[in-house]
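In what follows, a single structure is set out as structure tokens and then discussed.
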Amino acid sequence: MYALLEQLTLQAAFPLAALCETLEVNRAGYYAWRSESQSAQEQRERELTPLVCDIFWKHKRRYGARRIAVELGAMGQPCGVDRVAKLLKIQGLRAIQPQSFKPKTTNSQHSLGYSPNLLLRMPPPTSLNRVWVADITYIPLQSCFAFLALVLDLCSRRVVGWSLADHMTESLVLDALQHAISDRQPPSDLIHHSDRGGQYAGYEYRAVLRRAAMRQSMSRAANCYDNAFMESCFGTVKPELEMTECRNYQAARREITEYLHYYLHQRKHSALGYLTPAQFELPYRINS
């Protein structure tokens, strides 16, 4: 009854005395209950604050309120997202914000030919190594730029291959693809999807796809949303990497290696039901 009175007090414009009389509630008893309830809430928040801070800094500002709440639940300390957000605000903590998806057109002015988009009418994959998506992005360093090529398993969001270089030629994406094939040994008929960039249309790249019995798929002309999976991935990865502290490619490679290990084993993904890619893949590996 006290909880109902508390709710009505917050929502209605009626005097407390009138509500107490209507509900036949003793005002002194209500005040005592409210004081005890607030004290318990304050005590709970004092207990949660160091846990929230530990998770926040453990993940290097990459976790916001929602992921921290999931992590607390996994620790046996259930806590709502709103309360976590409140505690973060009180502590002056703010997570790194992913970059919004900014549409851009790939430079596809080449004469190497294009492949159709095989993902347009295809449902999301429900098993590993059925669809890989690939793309390139630039990484700002202190004195120059590096280029990062990723290959992502669309089912588990796992980065299955990557490469870093000071150029964005065919050899960059080929290196990432070859690492992915060597590590995963995918079955035939896997769909490899990318944009229409000349790197992915190169003779050697396509020869490797043919030898691996992969079907090549490309985004439609001037349609950046056809490869939005990778745009979304880069929108997360680039802010969380914070590569501006890296002076050279060697330092950048070390940082990326460390981050991708974190991305695989520790970073929870909302698209995977707040599991890490490694956790998500575990049942598939057990059953294979």
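Just a few scattered comments:
- Residue in the stretch 231-244 that is at pLDDT below 95 and surrounded by fewer than 14 Cβ atoms within 10 Å (Cβ to Cβ) present: yes
- Test for THR106: is it modelled with pLDDT under 70 and part of a loop (DSSP other than H, G, I, E, B): yes
- Test result for SER143, over 20 Å from ALA271 (Cβ atoms), in contact with a Lys or Arg (Cβ under 8 Å, 6 or more places away or on another chain), modelled with pLDDT under 95 and not basic (Lys, Arg): yes
- Pairing residues of the stretch 199-222 that are of a type in the set (D, E, K, R) with residues that are assigned to a loop (DSSP other than H, G, I, E, B), at Cβ distances under 7 Å and at least 6 apart in sequence or on separate chains, gives ARG215/LEU118; ARG215/ASP189; ARG220/ASN117.
- Qualifying residue in the stretch 119-135 (condition: outside any loop (DSSP other than H, G, I, E, B) and not aliphatic (A, V, I, L, M)): yes
- Among the residues of the stretch 158-165, not a single one is in a loop (DSSP other than H, G, I, E, B), in contact with a helix residue (DSSP H, G or I) (Cβ under 7 Å, 6 or more places away or on another chain) and among the polar types (S, T, N, Q).
- Of residues in the stretch 245-279 being surrounded by 19 or more Cβ atoms within 10 Å (Cβ to Cβ) and hydrophobic (A, V, I, L, M, F, W, C), the one modelled with the lowest pLDDT: CYS246
- The set of residues in the stretch 174-190 that are buried (at least 19 other Cβ atoms within 10 Å of the Cβ) and either over 13 Å from ALA149 (Cα atoms) or modelled with pLDDT under 95 (or both) comprises ILE181, PRO186, LEU190.
- The residue that is surrounded by the most Cβ atoms within 10 Å (Cβ to Cβ), counting only those in the stretch 128-153 that are farther than 18 Å from GLN185 by Cβ and among the polar types (S, T, N, Q), is THR137.
- Flag for ARG157 being surrounded by 19 or more Cβ atoms within 10 Å (Cβ to Cβ), closer than 19 Å to ASN129 by Cβ and of a type in the set (D, E, K, R): yes
- Tally of residues being under 16 Å from PRO239 (Cα atoms) and of a type in the set (Phe, Trp, Tyr) across the stretch 250-287: 3
- First in the stretch 171-188 and under 20 Å from TYR203 (Cα atoms), second anywhere and among the β-branched types (Val, Ile, Thr) and in a helix (DSSP H, G or I), Cβ under 8 Å, 6 or more apart: LEU174/VAL208; LEU177/VAL208; GLN178/VAL208; ILE181/VAL208
The values are calculated or read from the model by the stated rules, or taken from the named source; none is laboratory data. All figures in this text were calculated on a predicted structure; none of them were measured in a lab. So basically every Cβ, Gly included, is an ideal-geometry build from the backbone, and we count neighbours across all protein chains shown.
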